[in-house]
1. To one decimal place, what Kirkwood hydrodynamic radius in Å is obtained for region B:219-263 from all pairs of distinct Cα atoms?
2. Based on Cβ point charges of +1 for Lys and Arg and -1 for Asp and Glu, what charge dipole magnitude is obtained for region A:2-66 about its Cα centre, in debye rounded to the nearest 20?
3. Just to check I understand the Karplus step: with θ = phi - 60° and J = 6.51 cos²θ - 1.76 cosθ + 1.60, what whole-Hz values come out for region B:42-59, glycine and proline as x?
4. Between the DSSP loop rule and a limit of at most 13 other Cβ atoms within 10 Å, which GluC sites (Glu not before Pro) in region A:1-50 are left?
5. So which GluC sites (Glu not before Pro) in region B:85-137 are both in a DSSP loop and have at most 14 other Cβ atoms within 10 Å of their Cβ?
6. Quote the FRET efficiency, to the nearest 0.05, computed for B:V43 versus B:H23 with a Förster distance R0 of 35 Å and r equal to the Cβ-Cβ distance.
7. Given H placed on each backbone N at 1.01 Å, which residues far from B:I119 in sequence or on other chains put an amide H within less than 5 Å of it?
8. Please find the FRET efficiency linking B:A207 to B:N155, where r is the Cβ-Cβ separation and R0 is fixed at 22 Å, and quote it to the nearest 0.05.
Amino acid sequence: MRIMYINNFGGGFADHIEIEEGTTVSKLFAQKIPDGRPEDYLIRVNRLPASRDQILKEGDRITITPTKIEGAAA
Amino acid sequence: MAADIHTQLQPIDHCGRPPDSLHLLIAEIPDLQRTCSQFRQCVGQQWHLAADSKRHKLVRQLCRMDTAISKLTSDLTSRSKRLPTAHDILADLREIEEEFGEVRYDKRSKSLCTTTEPITLEGLEFGRFTICFNLSTIASNCDENPLNVIALDPNPCAADDAVVHPHVSAGHLCLGDATAPLRKATTEHRLADAFQIVAAVLRTYSADSPFCAIENWNGRPCDDCGFIANEDTSFYCEPCDKNFCEDCFSRCRDCGESMCLSCLSSCEICGDRICEDCQSLCDGCGEVACTGCLENELCPSCLEDRENEEIENDDEEIEQESTEDPSDKSQEPTSRVFTTDSTVTSVQSDRLVETSIHA
Ligand SMILES: [Zn+2]
Ligand SMILES: [Zn+2]
Ligand SMILES: [Zn+2]
Ligand SMILES: [Zn+2]
Ligand SMILES: [Zn+2]
């Protein structure tokens with residue numbers, strides 16, 4: 001099953017990926033960001049805030065954006 | 001609005017990058033053809049060494065072209081593949097509005113803007129920030145910065161009015177870890193993501209590399225070295241009416257008065273800091289010294305010189321006396337010469353010489 005997966009951390013990523021049927025938001029999160037905590041990220045499915053146990057469907061668009069990103073100077 | 005924005009975001013290639021790299025690629029072809037026919041000739045003539053060298057050249061050229069091709073391909077496809085439709089833009093605008101409460105598009109300046117909530121970091125309030133993206137800069141896909149961040153309720157750092165957030169100076173947000181994901185989001189015209197990434201940076205304090213550290217936000221810059229010292233570590237120098245950091249501030253070793261390093265001198269003998277009132281000059285060489293380092297108003301080296309001089313003078317006088325007319329000696333054998341003011345005008349015996357030296 002194909003979904004659109006966008007992450008806005010690290011180098012950034014936005015592309016279609018294959019996932020297993022029945023994958024939940026938290027399962028995908030754990031696969032993609034194994035050492036991250038979901039509460040530190042803004043997770044939206046089809047542009048709406050998503051709950052962790054929401055099951056992803058074919059063609060869904062999931063975005064994961066950290067709520068805090070370290071800036072710099074100069 | 002979504003339609004306007006969609007039109008505005010149509011790639012305009014100000015920087016002309018794809019045509020440029022395509023042009024470079026095409027320019028490689030005649031070279032490649034030449035190397036190729038030379039290689040074929042070398043092989044035909046069985047010039048093994050030359051053939052080998054041409055083969056290497058061919059590989060290098062192909063590698064260069066390979067890199068150029070993949071760059072060109074990714075440039076062209078990432079842009080055509082991902083560019084959102086007007087419908088996507090509308091969804092983005094709704095998402096921005098839902099997240100920030102508003103979104104504005106200024107047709108004249110081609111800027112899409114939103115405003116954050118009031119931002120507080122480590123207990124310090126920085127107020128709201130307007131985040132603006134220039135869409136024509138985004139559309140041109142140049143390296144130029146499309147982002148501008150404006151403080152609506154500015155609480156600038158004491159040291160620099162332009163610094164309105166630890167990571168914002170003169171409208172420029174230093175993106176740090178957000179650089180790559182923001183670049184990707186703007187290149188792909190994911191506007192809601194771009195605003196969220198910027199807001200995430202504004203909501204975060206990175207103590208490692210701020211324009212101005214939060215603990216020094218209300219501090220004062222040291223007039224000497226520029227370091228921003230906080231209230232506890234900033235010192236006022238009365239003589240020059242300026243503020244200094246700990247490192248650029250000291251006290252007079254004699255009277256204890258605190259002053260900046262420029263208002264204090266150093267004793268050239270012991271190195272201790274002394275104020276103008278407490279400093280003395282050596283009578284001999286004019287060096288600045290503290291009272292403790294001068295003896296009879298002389299620095300140790302001038303004192304030594306003077307003592308040596310005195311001994312030399314005395315020696316000379318003794319010598320002069322002893323080489324005077326020997327007839328005097330025969331006529332007036334002893335005692336006339338010894339005077340009380342320690343100046344020996346005429347010395348006749350060893351005992352008297354010694355006395356005069358010690359006088
Ligand atoms: Zn200083
Ligand atoms: Zn003093
Ligand atoms: Zn001073
Ligand atoms: Zn001294
Ligand atoms: Zn001296």
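1. 10.2 Å is the Kirkwood radius here.
2. Working: 9 positive and 10 negative charges, 42 e Å.
Value, rounded to 20: 200 debye.
3. The phi angles translate into 4, 5, x, 7, 6, 8, 4, 5, 5, 4, 4, 5, 5, 5, 4, 4, 4, 4 Hz.
4. Of the GluC sites (Glu not before Pro), the ones in loops of region A:1-50 whose Cβ has at most 13 other Cβ atoms within 10 Å are A:E20, A:E21.
5. Qualifying residues, ordered by number: B:E102, B:E122.
6. 0.65
7. Excluding prolines and chain starts, which carry no amide H, the hits are B:F126, B:G127, B:R128.
8. Between B:A207 and B:N155 the formula returns 0.75.
The values are calculated or read from the model by the stated rules, or taken from the named source; none is laboratory data. Note that this is a predicted model, so its numbers are computed, not measured. A quick note on method: Cβ atoms are made from the backbone with ideal geometry, for glycine too, and the neighbour counts reach across all protein chains shown. Surface areas here come from the heavy atoms of the whole protein model, side chains and all, with no ligands, DNA or RNA. Shrake-Rupley method; radii C 1.70, N 1.55, O 1.52, S 1.80 Å.
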